[in-house]
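*Asks:* The following block contains the structure, expressed as structure tokens.
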Amino acid sequence: MSALTGILATEVRKIEETAAMSREIQKQRLTHHLMPPTGWLNDPNGLCYFKGRYHVFFQYAPFDAEGGLKFWGHYSSEDLVSWRYEGVPLYPDSNYDCHGVYSGSAIVEDEKLHLFFTGNIKMDGDYDYINNGRQASTLHVESEDGVHFSAKEVAVDYRNYPEDYTQHVRDPKVWKDGADYFMALGGRKKNDQGAVLIYKSEDLKNWDYDKEITTEEPFGYMWECPDLFEIDGEQALSISPQGLEREEYRFQNIYQSGYFLLKEDKINVKEFQEWDMGFDFYAPQTFEDAKGRRILIGWMGLPDVEEEYTNPTAKDEGWQHCLTIPREITLHDGRLYQYPVEEMEALRGRCCEIDETQKNIEVWKPFELDLKLDSRKCRISVGDDLMFEADGREACLRLSEKAGAGRKQRKAVIPSGRLKELRMLVDTTAVEIYLNHGEVVSSTRYYPGKTTQVVKLEADKIQGHIYELKEMT
Ligand code: FRU
């Protein structure tokens, strides 16, 4: 360990220990979403299942709840509901990453866990931000136990990108196909077009540029956090594009996250499907677990929203953001559905059955609502804070001024044209809503006031359950 790593490790430990002492009094902390021990969290990184445990790494800025220098944090779990914090595996401590250990992915090969990630260097002086204001390389480490990692090695040097790319190239996602390994990197081209670069390797060490995947028509200036995976024989490309115009029913947030189903590397811009229609979702990543499930976890937050919204947890409690709950992905009629992994049901505690006669229900906090209904119109209110409405093909989530910290509403189209099932998992300051078993999903942070937790249900032929949700351990 270098002297710098030692200093950073001591400082992180100190600040995490101090934060742990005030946990009891922090009312906004989450009970079934992974959040940072202290400070700031953004993208999920290095998701994998390795030697009997799930590993979730994340972008972590422990010293500043508003962001800043990025490290990786690390949680692991046997069952996706009981988590252990494993500390910081990657520090910004080398000549290639001293301004941030940025996002990346994991691959398990020959009993070893390999991590690939972006080392970020910001240039001092008279550089232009887009073209040469930084140096972004892909770095590689490996581990026998999933917790201790080897020294960093350069996998793709920042000098090795095609001529027409800026230094905004990052977030490697690595996978194996046949005998070869592939890496997708998100990029910004000099003509301000977003794209994905594909690199190829035979040994996970030496990487050669293979090809580019992009659209013919412009589709945003930068594609962050790419992910390429196969699902039921289809190739899906997930990206987090920046620079799309906001519309009434689509692209309502500052940046987006969604996917294309690829046909021979051709991309039809019109076929981009957003992963999530809520206020807070970005930079998701997927992985395949030992049961063969494709699982997605996203960041329940967004970058660069400071002018529109301030997340109260930063000032009130010194932490900010969380990850979504793990969602299993399945393919139905050309769309990817997302649904909470079945393990989440282990958190269900006391239960109350719902039928036609119950319209106002006092609920536990946090709680889960699991409903079947058959009516054109439906309205569900949680206290005075949150209201969800569906009317035929249109769904809308509204937050009160206070609960939304200024944010008001998000709309969505229900492609199948009717709401038949709704599942809502309501955490202390976060809510995830799944329509029709994951056809449409909406994730949002919200900050309820003191109104009693009464859920009001307005719909025909409604039945189902409300559960108390126990805290993840
Ligand atoms: C996405 C992102 C990535 C980058 C990371 C830095 O939110 O901007 O592109 O690697 O965050 O924290």
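*Asks:* If D128 passes every condition in (1) more than 16 Å from the ligand (Cβ to nearest atom); (2) outside any loop (DSSP other than H, G, I, E, B); (3) not aliphatic (A, V, I, L, M) but one, which one does it miss?
*Replies:* Of (1) more than 16 Å from the ligand (Cβ to nearest atom); (2) outside any loop (DSSP other than H, G, I, E, B); (3) not aliphatic (A, V, I, L, M), only one is false for D128: (2).
*Asks:* In segment 103-118, what count of residues is obtained for those that are out of contact with any Gly (no Cβ under 7 Å at 6 or more places or on another chain) and over 16 Å from K205 (Cβ atoms)?
*Replies:* Result for segment 103-118: 3.
*Asks:* Just give me the residues in segment 156-168 being touching a strand residue (DSSP E or B) at 6+ places or on another chain (Cβ under 6 Å) and away from the ligand (no atom under 15 Å from the Cβ), in sequence order.
*Replies:* Residues satisfying the conditions are D157, Y161, D164.
*Asks:* Also, I was wondering about something else. Got at least one residue in segment 356-367 being free of Cβ contacts under 8 Å to residues at least 40 places away in the same chain and assigned to a strand (DSSP E or B)?
*Replies:* no
*Asks:* So which residues in segment 395-405 are touching a strand residue (DSSP E or B) at 6+ places or on another chain (Cβ under 9 Å) and more than 24 Å from P340 (Cβ to Cβ), if there are any at all?
*Replies:* Within segment 395-405, the subset touching a strand residue (DSSP E or B) at 6+ places or on another chain (Cβ under 9 Å) is 395-400, 403-405.
Once the filter is applied, which keeps residues that are touching a strand residue (DSSP E or B) at 6+ places or on another chain (Cβ under 9 Å) and more than 24 Å from P340 (Cβ to Cβ), segment 395-405 yields S400, A405.
*Asks:* How many residues does segment 33-52 hold that are within 12 Å of the ligand (Cβ to nearest atom) and either outside any strand (DSSP E or B) or more than 14 Å from H114 (Cβ to Cβ) (or both)?
*Replies:* Number satisfying all stated conditions: 5.
*Asks:* Inside segment 192-237, can you point out the residues that are within 16 Å of the ligand (Cβ to nearest atom) and assigned to a loop (DSSP other than H, G, I, E, B)?
*Replies:* G220, Y221
*Asks:* Then there's this: Suppose we filter S137, S150 for residues that are surrounded by fewer than 17 Cβ atoms within 10 Å (Cβ to Cβ), closer than 19 Å to N45 by Cβ and of a type in the set (S, T, N, Q); which single one remains?
*Replies:* None of the others qualify; the one that does is S150.
*Asks:* Report every pair of residues separated by at least 6 positions or lying on different chains whose Cβ atoms are under 7 Å apart, first residue within segment 209-234 and free of Cβ contacts under 8 Å to residues at least 40 places away in the same chain and in the same structural domain as Y161 (by TED's automatic domain parsing), second within 16 Å of the ligand (Cβ to nearest atom) and hydrophobic (A, V, I, L, M, F, W, C).
*Replies:* G220/L244; W223/A195; W223/V196; W223/I239
*Asks:* Here are some conditions: (1) surrounded by fewer than 17 Cβ atoms within 10 Å (Cβ to Cβ); (2) closer than 30 Å to G67 by Cβ; (3) not assigned by TED's automatic domain parsing to the domain that holds S238. A412 meets all but one. Which one does it not meet?
*Replies:* Among (1) surrounded by fewer than 17 Cβ atoms within 10 Å (Cβ to Cβ); (2) closer than 30 Å to G67 by Cβ; (3) not assigned by TED's automatic domain parsing to the domain that holds S238, the lone unmet condition for A412 is (1).
*Asks:* Among the residues of segment 99-112, are any in contact with a Leu (Cβ under 8 Å, 6 or more places away or on another chain), surrounded by fewer than 21 Cβ atoms within 10 Å (Cβ to Cβ) and free of Cβ contacts under 8 Å to residues at least 40 places away in the same chain?
*Replies:* Yes: segment 99-112 contains one or more residues that are in contact with a Leu (Cβ under 8 Å, 6 or more places away or on another chain), surrounded by fewer than 21 Cβ atoms within 10 Å (Cβ to Cβ) and free of Cβ contacts under 8 Å to residues at least 40 places away in the same chain.
*Asks:* Restricting segment 278-293 to residues that are more than 11 Å from the ligand (Cβ to nearest atom) and part of a strand (DSSP E or B), which is surrounded by the fewest Cβ atoms within 10 Å (Cβ to Cβ)?
*Replies:* So, considering only residues that are more than 11 Å from the ligand (Cβ to nearest atom) and part of a strand (DSSP E or B), the one surrounded by the fewest Cβ atoms within 10 Å (Cβ to Cβ) is E288.
*Asks:* Go through segment 238-258 and count every residue that is surrounded by 14 or more Cβ atoms within 10 Å (Cβ to Cβ) and more than 16 Å from the ligand (Cβ to nearest atom).
*Replies:* Within segment 238-258, the first condition is being surrounded by 14 or more Cβ atoms within 10 Å (Cβ to Cβ), and the residues that meet it are 238-244, 249-258.
This time we only want the ones that are more than 16 Å from the ligand (Cβ to nearest atom), so: 249-252.
Matching residues across segment 238-258 total 4.
*Asks:* Is it the case that some residue within segment 300-320 is out of contact with any strand residue (DSSP E or B) (no Cβ under 8 Å at 6 or more places or on another chain), more than 16 Å from the ligand (Cβ to nearest atom) and under 24 Å from L336 (Cβ atoms)?
*Replies:* no
*Asks:* Now a separate question. Which residues, counting only those in segment 428-473, are assigned to a strand (DSSP E or B), charged (D, E, K, R) and in contact with a Leu (Cβ under 7 Å, 6 or more places away or on another chain)?
*Replies:* Just the residues of segment 428-473 that are assigned to a strand (DSSP E or B), to begin with: 430-435, 440-445, 454-459, 463-469.
Imposing the further condition that a residue be charged (D, E, K, R) reduces the set to 432, 445, 456, 458, 468.
E432 - this is the single residue of segment 428-473 that is assigned to a strand (DSSP E or B), charged (D, E, K, R) and in contact with a Leu (Cβ under 7 Å, 6 or more places away or on another chain).
*Asks:* Name the residues in segment 95-116 that are more than 20 Å from P284 (Cα to Cα) and within 16 Å of the ligand (Cβ to nearest atom), would you?
*Replies:* Y96, D97, C98, H99
The values are calculated or read from the model by the stated rules, or taken from the named source; none is laboratory data. The shown structure was predicted, so the numbers you read here are calculated from the model rather than taken from an experiment. Cβ coordinates were reconstructed from backbone atoms using ideal geometry, including for glycine residues, and neighbour counts include every protein chain displayed.
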